[in-house]
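See below for the structure under consideration.
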Amino acid sequence: MLYMLLCYNNEEQVMAWTQEQDDAVMERLSAVHERLNAQGKLGPSARLQGTASAKTLVKADPPFVTDGPYAETKEQFLGFYVIDVADMDEALDVARQLGEANPTGAYEIRPMRLYQPGVALAG
């Protein structure tokens, strides 16, 4: 079953990391990525640019565009993973592994339904 792990963190803190701090976090995350990839469980994943680069299309009548993310919060949506695992317990285990590699912020885990049935993860 497919799950999306939505990565939230305090953008101000993350963007303040030195290159060495960022490299260390990415190295620890890469170990988890490689393990999941070898097991055929890792789908698309991405690290998003900062919220200052975001635009939001508000679905009003008429629609309009604003700068930034949809909601102002303490922690921002900074990235995601798509994983293919057996159940929510295994998805939570993956989130725990990622959390050990990057111990700040939070992961929101949601089951996914595909809009395009029959389209599989690239692997």
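The values are calculated or read from the model by the stated rules, or taken from the named source; none is laboratory data. Worth saying up front: this structure is predicted, and the values here are computed from it rather than measured. Backbone-built Cβ (ideal geometry, glycine too); neighbour counts: all protein chains shown.
State which residue pairs qualify: first residue in contact (Cβ under 8 Å) with a residue 40 or more places away in the chain and under 13 Å from ARG110 (Cβ atoms) and inside the range 1-21, second residue of a type in the set (A, V, I, L, M, F, W, C) and in a loop (DSSP other than H, G, I, E, B) in any location, beta carbons under 6 Å apart, and separation of 6 or more residues or different chains.
LEU2/MET112; MET4/MET112
Would a scan of the range 84-102 turn up a residue that is at pLDDT below 90 and loosely packed, with under 10 Cβ neighbours inside 10 Å?
no
Scan the range 50-82 residue by residue and report those that are under 22 Å from THR104 (Cα atoms) and more than 12 Å from the chain's Cα centre (by Cα).
GLY50, THR51, ALA52, PRO69, ALA71, GLU72, THR73, LYS74, GLU75, listed by residue number.
So ARG113 passes all but one of these: (1) at pLDDT 90 or above; (2) farther than 29 Å from MET15 by Cα. Which condition number does it fail?
Just one mismatch for ARG113, condition (1).
Specify which of the listed residues (GLN13, GLN39) is out of contact with any Leu (no Cβ under 6 Å at 6 or more places or on another chain), closer than 11 Å to ASP84 by Cα and of a type in the set (S, T, N, Q).
Matching residue, one of GLN13, GLN39: GLN39.
Just the residues that are outside any loop (DSSP other than H, G, I, E, B) and either among the polar types (S, T, N, Q) or at positive phi (or both), please, taken from the range 1-11.
ASN9
Here are ALA91, ALA95: which of them is among the aliphatic types (A, V, I, L, M), within 20 Å of ASP22 (Cα to Cα) and part of a helix (DSSP H, G or I)?
Result: ALA95 is the single residue among ALA91, ALA95 that is among the aliphatic types (A, V, I, L, M), within 20 Å of ASP22 (Cα to Cα) and part of a helix (DSSP H, G or I).
Any chance the range 10-28 includes a residue that's surrounded by 10 or more Cβ atoms within 10 Å (Cβ to Cβ) and under 28 Å from LEU114 (Cα atoms)?
The answer is no; no qualifying residue exists.
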